[in-house]
Amino acid sequence: MEPVESGKPPPLNPKRPTIIDIAREAGVSISTVSRVMNKSMPVAEETARRVREAIERLQFSPNLSARNLAGKRTNTIGLLLPEVSGAFFQPMLAGIGECLAENNYDLLIFASPKLERHEFSRIIPIGEHNTDGVLIFTNSLDDAEIERLYRRHFPLVLMYRSAPAGLSIPSITFENKAGTEQLIDHLIEHHGYRKIAFLAGPKDNEDSHQREAGYLASLARHGLPVDPALLGVGEFEGVIAAQAARDMLASGTRPDAIFAGDDESAAGVMTALLEMGVRVPDEIAVVGFDDDYLAPYLPVPLTTVRAPIYETGYQAARQLISLIRTGTAEMVTSLPTELVIRQSCGCGRSPRT
């Protein structure tokens, strides 16, 4: 098991810029700042320009500051996602929802799979003006925007990714590397497989990187070489993983087993192999990661790694609430995984020799 690291970030700085600071910076009255922000009365263009520049320099957020001055919060948590489709998200959302309900918070979700990453960061309607803090799933927000919010002391918790360099932002994930090593060890030691393929997820996804590291570590520990022909990309998407499996076999590469990266990809690979007349697991074994609710019900029940997806959601929400209420939270939380043996790896047959 990989060690769980924990620590506490520095307390959030309670000193945020106010309308008084803006007036002082721009050399104008408080009422003039109010007129510029609310556009309630005409203001000379040069004066308005100075006010706008002061707001930008001090990174002043009118809605957030007004709410703080009134001593009020929204009691709402934001969640940024690239999408909400697929079996992975339901337990994660259930975990977040359970924790928020226990603490009397509402949840505001923004997801848009059609946006490019730079567009997503630019137009998100969730932030300081309507939430008390935000959960950020993987790469739903680019590093520049994360740093901007962090510098404004806005509470953030990262899910399935680490904080950008130099930023003390809590993050939560599970033991991808250790779980993958245990899975590949099982394929090698129990079944005698030597040619094990790996399908990577999205190129900037840390879960995928850690699972690849676990795959490579297990091969190295058993003295098995890395064969580039056994490496492909499934993007954590069933359709793409299925095509990667077809292409691999069409190239003449015939693995003993395929670690598809996650369960959705494993379902796509298994379907593609069965459609090609390849018997699973008798000819090629297939394994995944996550243990989503469909894993036991695939044509061949899926051997996989159970990831605590519900608990990850719950703990991410708990850490964010702690950050909002106390200014502190555990910096890194890594939850344990569990190997789940079913039939798709070949268990129930005699091991290879």
Of the residues in the range 188-211, those that are under 19 Å from the mean Cα position of the chain (by Cα), assigned to a helix (DSSP H, G or I) and farther than 17 Å from PHE137 by Cβ number 1
Selection from the range 214-239 of residues that are among the charged types (D, E, K, R) and more than 15 Å from ALA266 (Cα to Cα): ARG221, ASP227
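For every residue, the table says whether it meets (1) in contact with a His (Cβ under 9 Å, 6 or more places away or on another chain); (2) outside the structural domain of ALA285 (by TED's automatic domain parsing); (3) of a type in the set (Ser, Thr, Tyr).
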| residue | (1), (2), (3) |
| --- | --- |
| ILE126 | no, yes, no |
| HIS129 | no, yes, no |
| THR138 | no, yes, yes |
| GLU147 | no, yes, no |
| PRO164 | no, yes, no |
| LEU167 | no, yes, no |
| GLY192 | no, no, no |
| HIS209 | no, no, no |
Restricting to the range 257-275, name every residue that is surrounded by fewer than 24 Cβ atoms within 10 Å (Cβ to Cβ) and of a type in the set (Ser, Thr, Tyr). THR271
Examine the range 137-152 for a residue that is under 24 Å from VAL305 (Cβ atoms) and at pLDDT 95 or above, and state whether such a residue exists. no
Take the residues of the range 234-283 that are without any contact (Cβ under 8 Å) to a residue 24 or more places away in the chain and part of a loop (DSSP other than H, G, I, E, B): which is nearest to GLN90 (Cα to Cα)? ARG279
Regarding VAL286, is this residue of a type in the set (Val, Ile, Thr), outside any loop (DSSP other than H, G, I, E, B) and buried (at least 24 other Cβ atoms within 10 Å of the Cβ)? yes
Subset of the range 291-308 [closer than 26 Å to GLY78 by Cβ and at pLDDT 95 or above]: ALA307, PRO308
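The values are calculated or read from the model by the stated rules, or taken from the named source; none is laboratory data. Worth saying up front: this structure is predicted, and the values here are computed from it rather than measured. Methodologically, a virtual Cβ is constructed for each residue, glycine included, from the backbone with ideal geometry; neighbour enumeration extends over all protein chains shown.
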